[in-house]
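Undergrad: Can you keep this structure in mind? I'll have questions shortly.
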Amino acid sequence: MTVAIDRATGKRSGDRGPRPGLGRRLKNSYQKYWYAYAMIAPVVLVLGALVLYPLGYGLYLTLTDADSLNSARTIGVNEIEATYKFIGFDNYADILWGETAYDRFWSHFIWTIFWTAACVALHYSIGLGLALLLNQKLRGRTFYRLILVLPWAVPTFVTVFGWRFMLADSGIINSALDSLHLPSPAWLEDTFWQRFAAIMVNTWCGVPFMMVSLLGGLQSIDSTLYEAAEMDGASRWQQFRYVTLPGLRSVSSTVVLLGVIWTFNQFAIIFLLFGNTAPDAQILVTWAYQLGFGQQPREFAESAAYGILLLGILIVFTSFYRRWLNRDEQAAI
């Protein structure tokens, strides 16, 4: 290979010039992509105001002992300045390892994990079963799809209040059980039945999304794969195992991840169904709200620490989940 050398400067023709500094690179980037920056600037400002600033301020509060007694507030014409102090990671240590850590965090954490796993499993299994039924050629299929999507279309608070009325002691469910001479549970008072009712209502609300998503995935699978499997003598179960489930892999991984995140942070159903009357049925997100807004004094710092812990748990889960999916896909190849 021949390399030309400039006799005047002594530089080779293939040598690159010195890399410009950071300020120069930013200026060049702005001059070249100013229109793109102008288009995304409003989005960045909105996200910064609605997401980044509250997140940063909440993270700062977790490092203090802020509550409703020492925070800045206005009483009439009097403005009281904040007097809370910086305490470092004491809030996290108290939540995770304090004397009341099990009652205030770990018991709710265990219930939240069980609640999330049970709800997502029910969402997926029932949604997949309904999607398989609706993917068949049957009379009135459009009407069935409309009926099954209704729980998803109705606002959540309307659905939850409807279930609350039905689960009341004199509601339609207990009245029907009494007419059949069966025991009528205390759905809204007993801890076990409160948790059972919460899972039942959340399953009712979450199944339609899974069903619609998986139905779209089923319709994207090439029908010739089923024809080839049938010609090879595969049974219905074998077709489901080796054709349907692999064909739904990408859709399933996405909807399960979304289901875990939504269910883990499902505030509306627990709060609207029980309010503050079911302390043992509270998941972490509703318990954090209870600490920050449902008691006196309001523990702003501790509630914010719960929020950061929730964010950390979901980030860790998502990273491991995606890594496991990538490993599984590489093994399948």
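The values are calculated or read from the model by the stated rules, or taken from the named source; none is laboratory data. What you see is a predicted model, and the numbers here were worked out from it, not measured in a lab. Every residue, glycine among them, receives a Cβ derived from its backbone with ideal geometry; neighbour counts consider all protein chains shown. Each accessible area value is taken on the protein alone, full model and side chains, heavy atoms only, with ligands, DNA and RNA left out. Shrake-Rupley method; radii C 1.70, N 1.55, O 1.52, S 1.80 Å.
Undergrad: Quick one: how many Å² of residue 175 are accessible to a 1.4 Å probe, rounded to 10?
TA: Roughly 60 Å² of residue 175 is accessible to a 1.4 Å probe.
Undergrad: On alpha carbon coordinates alone, what is the Rg over Rh value for the chain, Rh being the Kirkwood radius?
TA: Ratio of gyration radius to Kirkwood radius for the chain: 1.12.
Undergrad: For region 278-324, rounded, prolate or oblate, judged on the Cα gyration tensor with a ≥ b ≥ c (square roots of eigenvalues), a/c < 1.5 rounded, else prolate if a/b > b/c?
TA: Because a/c hits 1.5 or more and a/b fails to exceed b/c, region 278-324 counts as oblate.
Undergrad: If you don't mind, there's one more thing I want to ask. Using the basic label-point model (7 angstrom from Cα toward the beta carbon), what is the residue 59 to residue 223 distance in nanometres?
TA: Once both label points are built, they end up 5.3 nm from each other.
Undergrad: Same structure, new question: Using a 10 Å cut-off on Cβ atoms, rank the peptides 202-212, 84-94 from the highest mean neighbour count down.
TA: Going by the mean number of other Cβ atoms within 10 Å, highest first, we get 202-212, 84-94.
Undergrad: Right, here's the next one. Among 284, 300, 271, which residue has its Cα furthest toward the positive end of the charge dipole of region 207-327, with +1 on Lys/Arg Cβ and -1 on Asp/Glu Cβ?
TA: Positive-most Cα among the choices belongs to 300.
Undergrad: Continuing with this model, one more query. Would you work out the charge dipole size for the chain about its Cα centre, treating the Cβ of every Lys and Arg as +1 and the Cβ of every Asp and Glu as -1, and quote it to the nearest 20 debye?
TA: For this selection, approximately 2100 debye.
Undergrad: Quickly rank 66-75, 255-264, 42-51 as a protection proxy: mean count of other C-beta atoms within 10 Å, highest first.
TA: Ranking the peptides 66-75, 255-264, 42-51 by packing returns 255-264, 66-75, 42-51.
Undergrad: To continue, here is another question. Reachable aspartates and glutamates from residue 137, Cα under 17 Å, same-chain residues fewer than 8 places away excluded?
TA: 222, 227
Undergrad: Whole number in Å², please: accessible area per residue of region 251-333, 1.4 Å probe, ligands, DNA and RNA not counted.
TA: Heavy-atom accessible area per residue stands at 49 Å².
Undergrad: Moving to a separate point now. For the chain, modelled as a GNM with alpha-carbon contacts under 10 angstrom, which of 200, 166, 39 fluctuates the most?
TA: For the chain, modelled as a Gaussian network with Cα springs under 10 Å, the answer is 39.
Undergrad: Sticking with this one: Using a Gaussian network for the chain with springs between C-alpha atoms less than 10 Å apart, which of these wobbles most: 33, 60, 306?
TA: 33
Undergrad: Additional query: Accessible area of region 266-320 with a 1.4 Å probe: how many percent of it is carbon plus sulfur?
TA: Here carbon and sulfur together make up 69 percent of the probe-accessible area.
Undergrad: Work out from phi, with θ = phi - 60° and the Karplus expression 6.51 cos²θ - 1.76 cosθ + 1.60, the ³J(HN,Hα) of each residue of region 135-148, listed in order in whole Hz, and give x for Gly and Pro.
TA: Each residue of region 135-148 in turn: 7, 7, 7, 9, 6, x, 4, 5, 5, 4, 4, 5, 5, 6 Hz.
Undergrad: Which whole-Hz ³J(HN,Hα) couplings does region 149-160 yield from phi under the Karplus relation 6.51 cos²θ - 1.76 cosθ + 1.60, θ = phi - 60°, glycine and proline marked x?
TA: Running phi through 6.51 cos²θ - 1.76 cosθ + 1.60 with θ = phi - 60° gives 8, 3, x, 7, 7, 6, x, 4, 5, 5, 4, 5 Hz.
Undergrad: Same structure again: Compute the separation of the alpha-carbon centres of region 70-117 and region 271-333 and state it in Å as a whole number.
TA: When both Cα centres are located, 14 Å separates them.
Undergrad: Would you mind computing the Rg to Rh ratio of region 211-258 from its alpha-carbon coordinates, Kirkwood style for Rh?
TA: Ratio of gyration radius to Kirkwood radius for region 211-258: 1.02.
Undergrad: Sort 170, 29 from largest to smallest accessible area, using a 1.4 Å probe on the heavy atoms of the protein chains.
TA: Reading off the accessible areas and sorting them downward yields 170, 29.
Undergrad: Let me know the volume per residue of the alpha-carbon convex hull for region 165-292, in Å³.
TA: Given the Cα convex hull of region 165-292, per-residue volume reads 147 Å³.
Undergrad: Per residue of the chain, what 222 nm ellipticity follows from adding -39500 (n - 2.57) for every DSSP H run with n ≥ 4, rounded to the nearest 500?
TA: After summing the helix terms and dividing by the residues of the chain, the value is -21000 deg cm²/dmol.
Undergrad: Within the chain, what is the longest stretch that has no GluC sites (Glu not before Pro) placed in a DSSP loop and near at most 16 other beta-carbon atoms within 10 Å?
TA: Here the longest run is 190-333.
Undergrad: While we're looking at this one, here's another question. Near residue 298, within a Cβ-to-Cβ distance under 14 Å, what is the net charge of the other residues, with Lys and Arg +1 and Asp and Glu -1?
TA: Neighbourhood net charge equals -3.
Undergrad: Taking θ as phi - 60°, what are the ³J(HN,Hα) couplings along region 65-70 by the Karplus curve (6.51, -1.76, 1.60), each to the nearest whole Hz, with x for Gly and Pro?
TA: 10, 5, 8, 6, 8, 10
Undergrad: In terms of modelled amide H atoms, which long-range or inter-chain residues lie less than 5 Å from the amide H of residue 64?
TA: Residues meeting the criterion, in which the H sits 1.01 Å from N, are 87.
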